[in-house]
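Report on the following structure.
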Amino acid sequence: MLSGFTAAIFNVIIFFLVFFIFLLFGEQIWQNLLSGIPDSLKSFVSHIEEISSNTLYSIYIVHISTSVITFLLAIPFFYVLGYGHIIFWSLIVALFQLIPIIGPTLIMIFLGIYAIAMGDYRAAALIAIIGYPVVCAVPDLLFRPIMMGKRTSIHPAIMWVGFFGGLWIMGIVGFVIGPLVLALLVACGRELIGIMKRAKENGWLEKVQV
């Protein structure tokens, strides 16, 4: 347990150090990298840079927006549930929405167990039929992929696969890496198709085959 805690502390320190270095020198490092790229590839690299920044922006901004949506959906639900402290419970599920993988589902499970233990089967049914599907699932499975897809101009289904597939394969790191990798793959695929089309229009492929 102690070794795991120590490793977590080191990971946090390394993360903030790397983050601080990129804040200070990130622009300079990127410009130095661009200066060594041939002019013919600069438009392609610039497009990849745009896709990457848009995807990262979407991940962070959409993450917070999903939490806000969860809060707004939770208010009428907890009002109907009738347990009181509506703002408190809505705020709790919204904050848990910021935690990858776990999310507000843990709160719904806790409330469901509490309702069954108290013999309040009406509340348990509301949690199962409305609480989890609307408050927990709708923001994650509907709003998050749609909002991310609009920002990155990538189909929401692809972003959904990247987000949840990344979490499944790489854990919490996949929350960022999964959508970013898929967005870059899609962008590279589009660029490659564009290059092939331009080559065909200019007759380059026929010349290569000859």
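Structure values in brief
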quantity: Close pairs (6 angstrom Cβ cut-off, 6 or more residues apart or separate chains): in the same structural domain as His63 (by TED's automatic domain parsing) and touching a residue at least 12 places away in the same chain (Cβ under 8 Å) in the stretch 75-104, of a type in the set (Gly, Ala, Ser) and in a loop (DSSP other than H, G, I, E, B) anywhere; calculated: Gln97/Gly103
quantity: Residue identified as closer than 29 Å to Trp160 by Cβ and either outside any helix (DSSP H, G or I) or of a type in the set (S, T, N, Q) (or both) among Leu98, Leu56; calculated: Leu98
quantity: Residue within the stretch 88-98 that is more than 21 Å from the chain's Cα centre (by Cα) and surrounded by fewer than 16 Cβ atoms within 10 Å (Cβ to Cβ) present; calculated: yes
quantity: Subset of the stretch 65-83 (residues that are under 24 Å from Ala124 (Cβ atoms) and in a helix (DSSP H, G or I)); calculated: Thr70, Phe71, Leu72, Leu73, Ala74, Ile75, Pro76, Phe77, Phe78, Tyr79, Val80, Leu81
quantity: Residue selected from the stretch 36-80 under the condition modelled with pLDDT under 80 and under 30 Å from Ile130 (Cβ atoms), by the criterion farthest from the chain's Cα centre (by Cα); calculated: Ile61
quantity: Scope the stretch 148-161; condition modelled with pLDDT under 75 and not hydroxyl-bearing (Ser, Thr, Tyr); matching residues; calculated: Met148, Gly149, Lys150, Arg151, Ile154, His155, Pro156, Ala157, Ile158, Met159, Trp160
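The values are calculated or read from the model by the stated rules, or taken from the named source; none is laboratory data. If you're wondering where the values come from, they're calculated on a predicted model, not measured in any experiment. Positions of Cβ are backbone-derived with ideal geometry, glycine not excepted, and every protein chain shown enters the neighbour counts.
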